[in-house]
Amino acid sequence: MSETNLPASSAATDPRDRIASIDVLRGVAVLGILAINIWFFAFPFDIASKPILLSEYFGADVAAWWIGWLGIEGSQRAIFTMLFGASVLLFTERLSSDERASMLTRIYYRRTVLLILFGLINGYILLWNGDILFFYGVMGLLLFFVRKWRPRSLITAGVIIIVLLGALNFWMHFMTQAFAPIAEVAQEKLARGESLSGQEQAAVDFIAELPLAISSPEELQEEIDARRAGYASAFLPNVYTTTEAYIIYGLFSLFWESLAYMMIGMAFFRLKLFDASRATGLYVGLLIGGFAIGLSVNAWEQLQSIEQNYRTTFAVWSYDIGRMATALGYVGLVMLICKMAWLPRVRNTLAAVGKMALSNYIAQSIVCNIVFIGFGLFGQLRFHEIYYVVFAVWAALLIISPIWLRNFRYGPLEWLWRRLTYGQPVRMRIT
């Protein structure tokens, strides 16, 4: 049976046939992601990760940074990624159970390649060098082969990848600790016109080649000026930074991180952790234990980072311990709320945001482009002031998403994704 001959009922999954708790959790994650992404929409990478480089950084700025690092950074991306893994199982299992089963592989890979294209558009056209859709799409190509693994195997593989990433981060942390003081002395010698020893030159070279090396003040100002000058001026520099993110940061971390958390998410879906059907005590345990461990580890990491002048913010071996624990705390909280049927209006609103996660994620890029590039505010606001933008975007998405879904079956990009995936019309309006 060809795609064009599929029954209309098979063209896409009915939006009513969804797991509500997953939509709520996805809504929380897509909103939470902006609370950290805004740092990189508003400032150069080095300033976003080392805010003391700002001319004004005190009081509310410090509080905003701490709140972000303690309870949001990494954990929302972890949830979003795990839910993508869960969605792969939802998608493939539903197709396998009906007349589309014979075309499962073709449809799945078309859908996944389209996600890669969405990511490339987000990264290069919408100037978002922190895009994650590209990584999801690329590693999603591999998920098809592990979709039938048992939960234990998926978790084991995911944990092994995370441990290996932790080992890499520990090595970077150790080497940075060893070479940074030598490199600082060497830079002072170079400024005085003195020659360097072999060890000093090696230290300078190592620090300079780190993917987390800090740009010079002149380079930072060039990036700020380019992005403030408008879209055309920002486009070419962004091509470089986005390519660097996709290749260097991808190979060092994001490809493998995405794969690991997707596999863990698939396992959690199989274990019914995401459908609010497990025992209440389990979710209470995740809530209390996850936040207790996660917030403690995150606080320790940042205290260590501050002591080292923010040098190793992203290269701490315990990073995934803190973010995963915090993510599980959020999972426990959201599942408990869904299981107990608390806050129905809040749940329904967040579920609407989650159902339109792709559209809302891309909308964040568009709005932030308008604010920080179109209005020339890139690098101009104080750290806490960028959260005014976050709150405004949150309010807009929380208002618009439910209204949209009262009239349409899918978000605009969700509809386009389905239309291109199945190769035939997909009914959009609710009749």
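The values are calculated or read from the model by the stated rules, or taken from the named source; none is laboratory data. Keep in mind that this is a model prediction, so the values were computed, not measured. A quick note on method: Cβ atoms are made from the backbone with ideal geometry, for glycine too, and the neighbour counts reach across all protein chains shown.
Taking ARG94 as meeting all but one of (1) at pLDDT below 95; (2) assigned to a loop (DSSP other than H, G, I, E, B), write down the number of the exception.
Answer for ARG94: the failing condition is (2).
Output the number of residues of region 95-110 satisfying the condition of being farther than 17 Å from GLY140 by Cα and in contact (Cβ under 8 Å) with a residue 24 or more places away in the chain.
Number satisfying all stated conditions: 5.
When you scan region 351-369, how many residues do you find that are within 13 Å of ILE38 (Cα to Cα) and over 15 Å from the mean Cα position of the chain (by Cα)?
Adding up the residues that qualify gives 4.
Being of a type in the set (A, V, I, L, M) and either surrounded by fewer than 18 Cβ atoms within 10 Å (Cβ to Cβ) or modelled with pLDDT of 95 or more (or both) is the filter here, so list the residues in region 235-253 that pass it.
Across region 235-253, the qualifying residues are LEU236, VAL239, ILE247, ILE248, LEU251.
Starting from residues that are at pLDDT below 95 and among the β-branched types (Val, Ile, Thr), keep the ones in region 383-431 and report whichever is nearest to LEU104 (Cα to Cα).
By that ranking, first place goes to VAL426.
Is it the case that GLU73 is assigned to a loop (DSSP other than H, G, I, E, B) and either in contact with a strand residue (DSSP E or B) (Cβ under 9 Å, 6 or more places away or on another chain) or within 19 Å of LEU259 (Cα to Cα) (or both)?
Criteria met by GLU73.
Does any residue of region 217-234 turn out to be outside any helix (DSSP H, G or I) and of a type in the set (A, V, I, L, M)?
Yes, region 217-234 contains at least one residue that is outside any helix (DSSP H, G or I) and of a type in the set (A, V, I, L, M).
For ASP275, are the conditions met, namely being among the acidic types (Asp, Glu) and not in a helix (DSSP H, G or I)?
Against the criterion (among the acidic types (Asp, Glu) and not in a helix (DSSP H, G or I)), ASP275 qualifies.
A quick yes/no check of all residues on (1) in a helix (DSSP H, G or I); (2) of a type in the set (A, V, I, L, M, F, W, C); (3) touching a helix residue (DSSP H, G or I) at 6+ places or on another chain (Cβ under 9 Å); (4) without any contact (Cβ under 8 Å) to a residue 12 or more places away in the chain:
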position: ALA299; (1), (2), (3), (4): yes, yes, yes, no
position: GLN302; (1), (2), (3), (4): yes, no, yes, no
position: TYR310; (1), (2), (3), (4): no, no, yes, no
position: TRP317; (1), (2), (3), (4): no, yes, yes, no
position: GLY322; (1), (2), (3), (4): yes, no, yes, no
position: GLY332; (1), (2), (3), (4): yes, no, yes, no
position: ARG345; (1), (2), (3), (4): yes, no, no, yes
position: LEU350; (1), (2), (3), (4): yes, yes, yes, no
position: VAL353; (1), (2), (3), (4): yes, yes, yes, no
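When both residues are 6+ apart or on different chains and their Cβ atoms are under 9 Å apart, which pairs have a first residue that lies in region 205-224 and is closer than 18 Å to ILE182 by Cα, and a second that is at pLDDT below 80 and of a type in the set (Lys, Arg)?
So the pair list comes out as LEU212/ARG311; ILE214/ARG311.
Give the number of residues within region 97-150 that are part of a helix (DSSP H, G or I) and polar (S, T, N, Q).
4
In region 17-62, what count of residues is obtained for those that are over 22 Å from the mean Cα position of the chain (by Cα) and assigned to a helix (DSSP H, G or I)?
Number of matching residues: 5.
Looking at region 258-273, can you tell me whether even one residue there is within 23 Å of TRP171 (Cα to Cα) and among the small types (Gly, Ala, Ser)?
Yes.
Checking the structure you have, find out if any residue of region 364-376 is touching a helix residue (DSSP H, G or I) at 6+ places or on another chain (Cβ under 7 Å) and under 19 Å from ASP23 (Cβ atoms).
yes
Looking only at region 416-431, how many residues end up being without any contact (Cβ under 8 Å) to a residue 60 or more places away in the chain and either more than 23 Å from the chain's Cα centre (by Cα) or surrounded by 18 or more Cβ atoms within 10 Å (Cβ to Cβ) (or both)?
Qualifying residue count for the region: 5.
Step by step: first the residues of region 63-75, then only those that are surrounded by fewer than 17 Cβ atoms within 10 Å (Cβ to Cβ) and touching a residue at least 60 places away in the same chain (Cβ under 8 Å), then the one that is farthest from ARG270 (Cα to Cα). Which residue is that?
Among those that are surrounded by fewer than 17 Cβ atoms within 10 Å (Cβ to Cβ) and touching a residue at least 60 places away in the same chain (Cβ under 8 Å), it is ALA63.
When ALA42 is evaluated against the numbered criteria (1) crowded, with 17+ Cβ neighbours inside 10 Å; (2) modelled with pLDDT under 95; (3) farther than 29 Å from PHE274 by Cβ, which criterion, by number, is the only one it fails?
(2)
Would you point out the residue of region 111-142, among those that are touching a residue at least 40 places away in the same chain (Cβ under 8 Å) and of a type in the set (S, T, N, Q), that is farthest from PHE91 (Cα to Cα)?
The selected residue is ASN129.
Considering each of VAL204, VAL163, VAL185, VAL159 in turn, give the residue that is surrounded by 15 or more Cβ atoms within 10 Å (Cβ to Cβ), in a helix (DSSP H, G or I), at pLDDT 85 or above and out of contact with any Phe, Trp or Tyr (no Cβ under 7 Å at 6 or more places or on another chain).
None of the others qualify; the one that does is VAL159.
Among the residues of region 379-415, which ones are among the hydroxyl-bearing types (Ser, Thr, Tyr) and surrounded by fewer than 18 Cβ atoms within 10 Å (Cβ to Cβ)?
TYR388
Note down all Cβ pairs under 6 Å where the first residue falls in region 242-258 and is within 17 Å of THR81 (Cα to Cα), the second is assigned to a helix (DSSP H, G or I) and among the β-branched types (Val, Ile, Thr), and they're at least six residues apart or on different chains.
Sorted first by the residue in region 242-258, then by its partner, the pairs are TRP256/ILE161; SER258/THR81.
Checking the structure you have, find out if any residue of region 76-95 is of a type in the set (S, T, N, Q), surrounded by fewer than 16 Cβ atoms within 10 Å (Cβ to Cβ) and over 20 Å from the mean Cα position of the chain (by Cα).
no
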